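Accompanying notes for the structure given below.
The values are calculated or read from the model by the stated rules, or taken from the named source; none is laboratory data. Owing to the predicted nature of the structure, the values given are computational and were not obtained by experimental measurement. Glycine also receives a Cβ, built like all others from the backbone with ideal geometry; neighbour counts cover every protein chain displayed.
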Amino acid sequence: MNLFDALSISGSALSAERQRSEIIAANMANAETTHTMAGGPYHRREVVFETPATSSFRLALAATRQMPGNVPGSVHISQVVDDPSPPVMRYQPGHPDADSQGYVAYPAINPAAEMVDLMGSVRAYQLNASAVAATKSMIQQSIDILKS
Amino acid sequence: MSSTGNGLGSVGNIGSTGSIGSLPQMFSKESGEGEQGFGSVLSNALAQVNQLSNSADQQAGSLLKGTGGDMSSVMIAVEKADVAFQLMMQVRNKIVSAYQDIEKLQF
Amino acid sequence: MTQPTPLLSTLETYLKLTNTRAQAISSNMANVDTPGYRTHDINFESELRRATAMAPMETADNTGTVHFAPVVREVPGLLERPDGNNVNLDREGLLLAESQLQYQLGVQLIKGQFHQILSAINGGN
């Protein structure tokens, strides 16, 4: 039950959202990548957010925190998964990556969907940044009690 | 300064009605006659101040170590200890000056 | 000196509750994109009433501080998105602004209380 805990919760969200936007940016940048080091087209990647499992939020808030990453209520990216959807095939016989039928496999990435995702990530980042500012102001106020 | 709704009364009047008026009562519960009364009043105040400042130190310590305790409670505890200390100093000053006044009496 | 004024102990609880609420809001905001996360909050008014009804004698030490653990529970009636998350950004943003101002109010009132007490103590000289 500490304002510093609130800071680390918001901090974890900022970090997680930033990583998410990096993944989305990579998706958008590689929307047309037909050939990767591992062979085959680029696979769209997604992040999965997770909050530490707690049996009861009230008990969790009352418990002392052990490690910064384990503050109840914080968020972290538990896994980055490849999108299992099949690649989009386009008929381009002259393309160097064309297969025997002349089709090229393109990543199944919809730029518009990625853009909306990115906007969501940005909005969440802004929200948590303002939470950090609010918490900082409250800590400042507490210190103020002792002044004068 | 006008009086506030919680009954503190006008500023500078520590013996007024209201909850702050209970402070001298707290000190007077042990007072006997003359010197003896003053001595025990002071040692009571000292014990209270000690307790409050120990508690404040402990809370501030656990806030620094990060083992819980919230900022507002710690700040209030520290301020309470400080105010209690100032009260004790004022009481001590009054007692000492009263003692000196008695010493000056010539019979 | 354990309980200088009743207002002071009420203010202490007020700040503690605002603290807890701010932490719950931070948690909600942090998990706005976590699948299955439910919004948590405290019922501010009833917790404050419950705390002020508790006698200050129920303390571990003799310094008049009330040991009080507010109850944090899930907020019912919020719209749920397909991934199971029901955090409402507008609600959280509004409550955060409100909590910040509440905290400021509490701190100012507390400073006023201590100022009055100190003036009463030192005002004679």
Exercise for the section: Could you please give the count of residues in region C:101-120 that are in contact with a Phe, Trp or Tyr (Cβ under 9 Å, 6 or more places away or on another chain) and either modelled with pLDDT of 95 or more or more than 8 Å from every other protein chain (Cβ to nearest Cβ) (or both)? Expected result: 3
Handout entry: Scope region B:57-85; condition facing another protein chain (nearest Cβ under 9 Å) and charged (D, E, K, R); matching residues
Key = B:D70, B:E79, B:K80, B:D82
Problem - Of all residues in region A:95-119 being within 14 Å of another protein chain (Cβ to nearest Cβ) and buried (at least 16 other Cβ atoms within 10 Å of the Cβ), the one that is farthest from A:Q19 (Cα to Cα) - result: A:D117
Practice task
Collect the residues in region C:7-59 that are buried (at least 19 other Cβ atoms within 10 Å of the Cβ), closer than 20 Å to A:M138 by Cβ and among the aromatic types (F, W, Y), keeping them in residue-number order.
Solution key: C:Y14
Handout entry: Check on B:G12, surrounded by fewer than 16 Cβ atoms within 10 Å (Cβ to Cβ), more than 14 Å from the chain's Cα centre (by Cα), within 8 Å of chain C (Cβ to nearest Cβ) and modelled with pLDDT under 85
Key = yes
